[in-house]
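What follows draws every value from the coordinates through simple rules; no lab data is involved. Note that the structure is predicted; figures quoted are calculated from it, not measured. Here the Cβ is made from the backbone with ideal geometry for all residues, glycine too, and neighbour counts use every protein chain on show.
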Amino acid sequence: MSATRVCSLSELEQDTALRVVVDGTAIAVVKDSEGEVHAIGDTCTHGDISLAEGFVEGETLECWAHGSAFSLLTGKPLNLPAYEPVPVFAVTIDGDDVLIDPAVTKDVN
Ligand code: FES
């Protein structure tokens, strides 16, 4: 499948995550303080919690339940209790449209 429009750039608030679902895949979309847009898997690998309900801190998204902070760049948790990474998705910006293909993950290793 090809990239799908998930939201507009202008509806993303800085340092806030937005949960979108594309083809059954839940994704947390974040515009960081530099204006860069990131997309990582929305489900915390420690529990069935939406990461988009957590807190953006710099280049991380922190799960509100037990505090694991996931890197927006690599998907890796930077602290316990989560230890498995979430996927990182490629984001395309086309004008004011934010496009994501859930089948295309970034190779971050
Ligand atoms: S459910 Fe996310 S850290 Fe526990």
Would you mind giving the three semi-axes, in whole Å and largest first, of the ellipsoid equivalent to the chain according to its Cα gyration tensor? 21, 15, 12
Please compute the contact order of the chain in relative form: average sequence separation of alpha-carbon pairs under 8 Å and at least six residues apart, divided by the residue count, as a percent. 26 percent
Could you give the length gained by full extension between residue 8 and residue 73, i.e. 0.36 nm per residue of separation minus their alpha carbon distance, to one decimal place? 21.3 nm
Among 53, 84, 34, which one moves the most in a GNM of the chain with springs linking Cα atoms closer than 10 Å? 34
With a cut-off of 11 Å, note down the residues of segment 4-28 whose backbone N falls inside the zone around a label point 7 Å from the Cα of residue 97 toward its beta carbon. 4-8
From the Cα centre of segment 1-72 to that of segment 85-109, the distance in Å is 11 Å
Highest GNM mean-square fluctuation among 67, 75, 58, for the chain with Cα springs under 10 Å, belongs to 58
Could you work out the local net charge near residue 35, counting Lys and Arg as +1, Asp and Glu as -1, over the other residues with Cβ closer than 12 Å to its Cβ? -4
